[in-house]
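Asks: Questions regarding the structure given below will be posed in turn.
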Amino acid sequence: MENTFSTADSLKTWVMLVVLFLVGVSAVALGLSRDLAFTLIFAAAIAEAYVIGRYYMRLRSEDMLIWSLVLLPVATVIVLAFVLIPDVVIRRTH
Amino acid sequence: MTESVAEIGVPHAAHEVSELSASYEIGKLGMWIFLAGETMLFGGLMGVFTLVAFSRGGWGSDGAHVNWRLAGINTIILFTSSMTASLAQGAARGGDLARVRRYLSASGLLGVLFLVVKAFEYAGDVREGFTPLAGLFWNFYYLMTGLHVLHLFAGVVVFFGMLLWVKPQNAGSWLERKLKYACLYWYFVEVVWVFLYALVYLSPSVQ
């Protein structure tokens, strides 16, 4: 796939990204409910990152070593953030 | 007394290195390791931003003043620059150096346009009194977006610098590889922006 990514594929990827961007922006522009807006905004952001990673960064044709370099830092950040949540909850309740 | 090169094992080591290079693209691996570090940097900042927002019950009126429309224009600019970067990679694979130059220049110029729009955005914020010292939200806002701007500026310099390498004697896999590393960095900067836009611009603007 890496060597067959054509001009049309680049354009299709751009269109996908713009559509996802509009989904995220519409959550704010249309004044949707808070929960629905947050869900849409972050779902769109994750989907955009996925599209960029899959089509532009060609992650789907990479091996485990590269995947681990992508996933380990992300997992570490998420774990560290979760570790701090009890502290934040205690702070909020006092 | 002088040891031969074979005796001290240099050819053997060189052979192992060349085998490793053949089985793995060292430059690409290096770029991914660099990006892993950058992920920790931006991910850590975004994590802290989210936790602080949660501990304060949101950002209140501060967050409502960010210019998400102008930042939205920048998002489209960045998407377009990534598309032209991708097209430059395709042109390099096809050996079309004129198109490589054209698409690389377009990506670099779109990066410059992003920086110009960002400068207008910062100027508007400061005019309204939202300086980096205006409160915790604005501390985070300038720190995270400023760090992203620095990364984007570095990418622009790399793209314009790469134009010097787009010569017939460099055409082929060498140019393709260098372009791939530069584009990988640019796409990463784009991914960071996607999350910054959701976190710093859109989320605080939700009523």
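Rule-based calculations on the coordinates, nothing more; no lab input. As the structure is a prediction and not an experimental result, all values here were calculated from the model. Here the Cβ positions follow ideal geometry from the backbone for every residue, glycine too, while neighbour counts run over all protein chains shown.
Asks: Taking each full run of DSSP H in chain B as one helix, which ones are at least 20 Å long along their axis (Cα atoms) and have mean Kyte-Doolittle hydropathy of at least 0.5? The partial results should precede the final answer.
Replies: Working: long enough: B:26-55 (43 Å, 1.47); B:68-94 (39 Å, 0.59); B:97-127 (45 Å, 0.72); B:136-163 (41 Å, 1.57); B:173-196 (34 Å, 0.63).
Qualifying helices: B:26-55, B:68-94, B:97-127, B:136-163, B:173-196.
Asks: Taking the highest mean first, how do the peptides B:46-57, A:57-68 order by number of other beta carbon atoms within 10 angstrom per residue?
Replies: B:46-57, A:57-68
Asks: Kindly provide the pair-distance distribution of segment A:1-61 built from C-alpha pairs, with 5 Å bins from 0 and whole-percent values in order of increasing distance.
Replies: Over segment A:1-61, the share of Cα pairs per 5 Å bin runs 4, 19, 24, 19, 13, 10, 7, 4, 1 percent.
Asks: Let me ask something else about it. Ratio of alpha-carbon Rg to the 2.2 N^0.38 Å globular estimate for segment B:152-193, to two decimals, please.
Replies: 1.22
Asks: Return the average number of partner chain Cβ atoms within 10 angstrom of each residue Cβ along peptide A:27-40.
Replies: 3
Asks: So what does log10 I(q)/I(0) come out to for the protein assembly as shown at q = 0.11 Å⁻¹, using the Debye formula with one equal point on every Cα and no solvent?
Replies: Taken in order of the listed q values, log10 I(q)/I(0) reads -0.72.
Asks: What number, rounded to the nearest 500 deg cm²/dmol, is the helix-based mean residue ellipticity at 222 nm of chain A, given -39500 (n - 2.57) per DSSP H run of at least four residues and division by all its residues?
Replies: -26500 deg cm²/dmol
Asks: Count the net charge of all other residues whose Cβ sits under 13 Å from the Cβ of A:Trp14, scoring Lys and Arg as +1 and Asp and Glu as -1.
Replies: -2
Asks: Right, another one. So how many Lys-Lys pairs in the protein assembly as shown land under 19 Å Cα to Cα, not counting same-chain pairs under 8 apart?
Replies: Working: B:Lys28/B:Lys178; B:Lys28/B:Lys180; B:Lys167/B:Lys178; B:Lys167/B:Lys180.
Close lysine pairs under the 19 Å cut-off: 4.
Asks: Something else now. Determine the shielding of peptide B:105-114 by partner chains: average, over its residues, the number of Cβ atoms on other chains within 10 angstrom of each Cβ.
Replies: Working: counts 0, 0, 0, 0, 0, 0, 0, 0, 0, 0.
Average neighbour count from other chains, rounded to a whole number: 0.
Asks: OK, next. Which ordering of A:Thr13, B:Thr75 is given by a fewest-first count of other beta-carbon atoms within 10 Å? Walk me through the numbers before you get to the answer.
Replies: On the way: A:Thr13 20, B:Thr75 24.
Ascending number of Cβ neighbours within 10 Å: A:Thr13, B:Thr75.
Asks: Further question: Taking every pair of alpha-carbon atoms in chain B, what share in percent sits in each 10 Å bin, from 0 to the bin with the longest distance?
Replies: Percent of Cα pairs in each bin: 8, 28, 27, 18, 11, 5, 2, 0, 0.
Asks: Now for a separate question. Counting only other chains, what is the mean number of Cβ atoms within 10 angstrom of the Cβ of each residue in peptide B:69-79?
Replies: Neighbouring Cβ atoms belonging to other protein chains average 3 per residue here.
Asks: Moving on to the next point. Let me check I've understood the local charge: for B:Leu164, count other residues with C-beta under 13 angstrom from its C-beta, Lys and Arg +1, Asp and Glu -1. What total comes out?
Replies: Computed value for this residue: +3.
Asks: Please find the FRET efficiency linking B:Thr131 to A:Phe38, where r is the Cβ-Cβ separation and R0 is fixed at 25 Å, and quote it to the nearest 0.05.
Replies: On the way: r = 28 Å, r/R0 = 1.12.
For R0 = 25 Å, the calculated efficiency reads 0.35.
Asks: Compute the signed sum of charges (Lys and Arg +1, Asp and Glu -1) over the other residues within less than 9 Å, Cβ to Cβ, of B:His65.
Replies: Counting the neighbours of B:His65, the net charge comes to -3.
Asks: Right, another one. So what is the calculated 222 nm ellipticity per residue for chain B, using -39500 (n - 2.57) for each DSSP H run with n of 4 or more, over all residues, to the nearest 500 deg cm²/dmol?
Replies: Values: 7 runs with 158 residues, N = 207.
Mean residue ellipticity, 222 nm, calculated: -26500 deg cm²/dmol.
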